[in-house]
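Values in this text are rule-based calculations from the coordinates and carry no lab data. The model shown is predicted, which means the values in this text are computed figures rather than measured ones. Positions of Cβ are backbone-derived with ideal geometry, glycine not excepted, and every protein chain shown enters the neighbour counts.
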Amino acid sequence: MLPVLTGQFANSRVQVSTTSALANVDSAALVESIAGVFLVARTSATTFTAIDATCTHEGCTVSGVNGAIYVCPCHGSRYNRTGQVVNGPATAALRQHNTSLANDVLTITV
């Protein structure tokens with residue numbers, strides 16, 4: 001299971017601190033906010049991926065991880081860090097969001 005972080009939503013953006021569960025390259029977390037739930041991974045010292053955490057198969061929250069693959073707990077769909085389907089039953093990718101980093105705060109544009 002992924003660690004869960006709380007994101008703060010304002011002005012079509014979700015912000016979350018990167019000093020704990022997202023501090024290291026290749027780390028990942030589930031970010032919950034009133035704007036939605038996101039799968040976030042740190043891909044380098046300054047870059048991140050952020051994708052919707054709602055499985056495109058039947059709407060479950062994707063909350064598992066196996067290496068660099070996100071796993072849906074309901075029916076086993078698997079997605080890579082950019083949201084592309086690796087294994088079904090899901091057939092559609094997860095939506096990607098733009099991110100930016102400043103002062104250890106990640107901003108996800110929704």
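Computed from the coordinates I sent, Kirkwood radius over Cα pairs in Å equals one of (1) 15.1; (2) 15.9; (3) 13.6. Tell me the label. Looking at Kirkwood radius over Cα pairs in Å for this model, the match is (3). The mean sequence distance of close C-alpha pairs (under 8 Å, at least 6 residues apart), as a share of the length of the chain, puts its relative contact order at 24 percent.
Peptides 94-102, 55-63 ordered by packing proxy, namely the average of other Cβ atoms within 10 Å per residue, highest first: 55-63, 94-102. Taking the Cα centre of the chain as origin and assigning +1 to Lys and Arg Cβ atoms and -1 to Asp and Glu Cβ atoms, the resulting dipole is close to 140 debye. Segment 1-71 and segment 82-109 have Cα centres lying 8 Å from one another. Projecting the Cα positions of A35, G67, T82 onto the charge dipole of the chain (unit charges on Cβ atoms of Lys, Arg, Asp and Glu, taken about the Cα centre) puts T82 furthest along the positive direction. When you count the other C-beta atoms within 10 angstrom of each residue and take the mean per peptide, 72-79, 23-30, 86-93 line up highest first as 72-79, 23-30, 86-93.
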